[in-house]
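This report refers to the structure that appears directly beneath it.
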């Protein structure tokens, strides 16, 4: 007997049930700011549709909708690039600066742990490489 797939219209309390965030609800993914992933799921999974609340939360409008069931990965790239371009330059620069500051702090901590020696011990280098020194 053939198994039928049904079109799922997801709400904030729905769970995807697959992928790397299978155990999280859509609302939790929105809190974690995984809007790019939610857009990818919409355009690449034929049987997944979103409620209007979710649709507006992931920064999409009516003209970005596609016929479901169906996929359109090319439109995903276009819409995603368009949305990324509308993000204010200040926000993008803030996240780049924050990442750079974390990297600088890790390097300072690494150098301090080396002490006056030119080289660090194996354990110090391993901890640094594994991200333990923050």
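The values are calculated or read from the model by the stated rules, or taken from the named source; none is laboratory data. Remember, it's a predicted structure, so these values are computed and weren't measured experimentally. Every residue, glycine among them, receives a Cβ derived from its backbone with ideal geometry; neighbour counts consider all protein chains shown.
Here residue 34 clears all of (1) farther than 19 Å from residue 76 by Cα; (2) surrounded by 18 or more Cβ atoms within 10 Å (Cβ to Cβ) except the condition numbered (1). Looking for something surrounded by 14 or more Cβ atoms within 10 Å (Cβ to Cβ) and at pLDDT below 75 - is there at least one such residue anywhere in the stretch 57-67? There is no residue in the stretch 57-67 that is surrounded by 14 or more Cβ atoms within 10 Å (Cβ to Cβ) and at pLDDT below 75. Among 92, 79, 53, which is the only one that is under 29 Å from residue 19 (Cβ atoms) and at pLDDT 90 or above? On inspection, the qualifying residue turns out to be 53.
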